[in-house]
Amino acid sequence: MPNSPEFPVIRPRRLRRTAALRRLTAETRVHPSDLVLPVFVKEGLHEPVEIATMPGVYQHSVDSVRKLAVDAARAGLGGIMPFAVPLVRDAIGSAATDPNGILNVTTRAIKEEIGDDLVVIPDLCLDELTDHGHCGVLGPDGTVDNDATLVRYGEMGLALAESGADLLGASGMMDGQIGYVRAALDQAGHTDTGLLAYAVKYASAFYGPFREAVESQLQGDRRTYQQDPANAAEAIHELELDLEQGADIVMVKPALPYLDILRTVADRSPVPVAAYHISGEYAQIVAAAERGWIDRDAAILESLTSIKRAGAGIIATYAALDAAALLR
Ligand code: PBG
């Protein structure tokens with residue numbers, strides 16, 4: 001009964017029939033140049049060491065990260081985001097401002113290796129470098145002192161700019177950090193060093209594997225500075241503040257549990273929007289795939305496609321190299 005009213009005239013399945021039709025009509029495409037690879041570099045290492053909580057991800061030596069950066073550039077990735085694991089930590093994260101501190105050494109080494117072929121975005125935050133594991137310095141009462149932390153961020157930003165960073169990944173969630181670091185950079189003549197603002201960053205349980213990767217010393221949590229997962233309006237407020245203060249790119253983090261927030265930010269932001277597919281998101285996929293419960297590659301591509309569909313033009317992901325190979 002071909003034209004009977006009981007049978008549909010409009011059939012969306014027509015465009016799903018073959019891979020070629022699906023490819024032609026896909027609304028979202030992830031491209032390797034959208035992807036930023038976060039990397040961990042540990043001071044004193046000679047060989048890369050696999051991170052137990054993140055199979056396939058390594059703590060690198062300065063030499064091995066050079067090679068990784070070359071691989072990332074060859075794969076056509078957009079950027080690389082180094083995080084440091086120092087041998088010695090103290091209360092103010094002194095390694096941050098030491099030109100021979102591991103993050104500064106790493107930034108210079110990567111720049112030397114790949115020049116402008118990748119955007120180099122070291123982490124501008126103290127948590128990897130402090131002996132208490134907080135993202136800032138502590139006041140006499142043991143809580144994070146916002147304004148004293150800004151002074152350290154300003155100094156750290158200058159050190160990283162001098163090491164050749166293209167953008168600084170401001171991940172600490174201190175009030176006023178973007179404006180403060182922008183002014184410090186500008187006063188020193190680093191007007192071309194940009195700020196990737198972690199504008200919207202939630203206090204997430206999914207950071208667990210990362211804290212293992214950087215050997216975090218944190219006791220407790222970051223709920224006095226990172227956002228409450230219950231809040232959405234607050235994300236708009238944070239976004240607007242970072243835009244006013246001069247953010248060049250704004251990021252939402254984590255990604256998949258916050259796609260609604262990502263969509264809101266993308267609809268409002270005049271500057272490029274990034275999302276961070278974080279350690280716990282990566283680890284969930286890898287762990288389930290190791291048990292044979294899901295298909296690793298398909299789950300990675302689906303995750304990244306969903307993040308892009310929700311509005312992120314830029315995605316930081318530990319799966320960047322795998323994804324680039326799959327997309328080729
Ligand atoms: C803070 C920082 C963290 C992550 C990136 N930058 C840790 C935190 O806020 O506890 C987590 C990233 C991830 O889980 O992959 N410098």
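The values are calculated or read from the model by the stated rules, or taken from the named source; none is laboratory data. Please read all numbers here as calculations on a predicted model, not as lab measurements. We place every Cβ from the backbone using ideal geometry, glycine too, and count neighbours over all the protein chains shown. Side chains included, ligands, DNA and RNA excluded: accessible areas come from the protein's heavy atoms. Shrake-Rupley method; radii C 1.70, N 1.55, O 1.52, S 1.80 Å.
Which ones in the range 251-284 are buried (at least 22 other Cβ atoms within 10 Å of the Cβ) and away from the ligand (no atom under 15 Å from the Cβ)?
Matches in the range 251-284: ILE261, LEU262, VAL265, VAL273.
If GLY179 passes every condition in (1) under 27 Å from SER204 (Cα atoms); (2) within 16 Å of the ligand (Cβ to nearest atom); (3) of a type outside the set (S, T, N, Q) but one, which one does it miss?
That leaves (2) as the condition not met.
Applying the selection to the range 205-228, what residues are of a type in the set (S, T, N, Q), open to solvent by less than 50 Å² (accessible area, probe 1.4 Å) and in contact with a strand residue (DSSP E or B) (Cβ under 8 Å, 6 or more places away or on another chain)?
GLN226, GLN227, listed by residue number.
Residues of the range 199-213 being among the hydrophobic types (A, V, I, L, M, F, W, C) and more than 7 Å from the ligand (Cβ to nearest atom), which ones? Before the answer, list the steps.
Just the residues of the range 199-213 that are among the hydrophobic types (A, V, I, L, M, F, W, C), to begin with: 199-200, 203, 205-206, 210, 213.
Correct list: ALA199, VAL200, ALA203, ALA205, ALA213.
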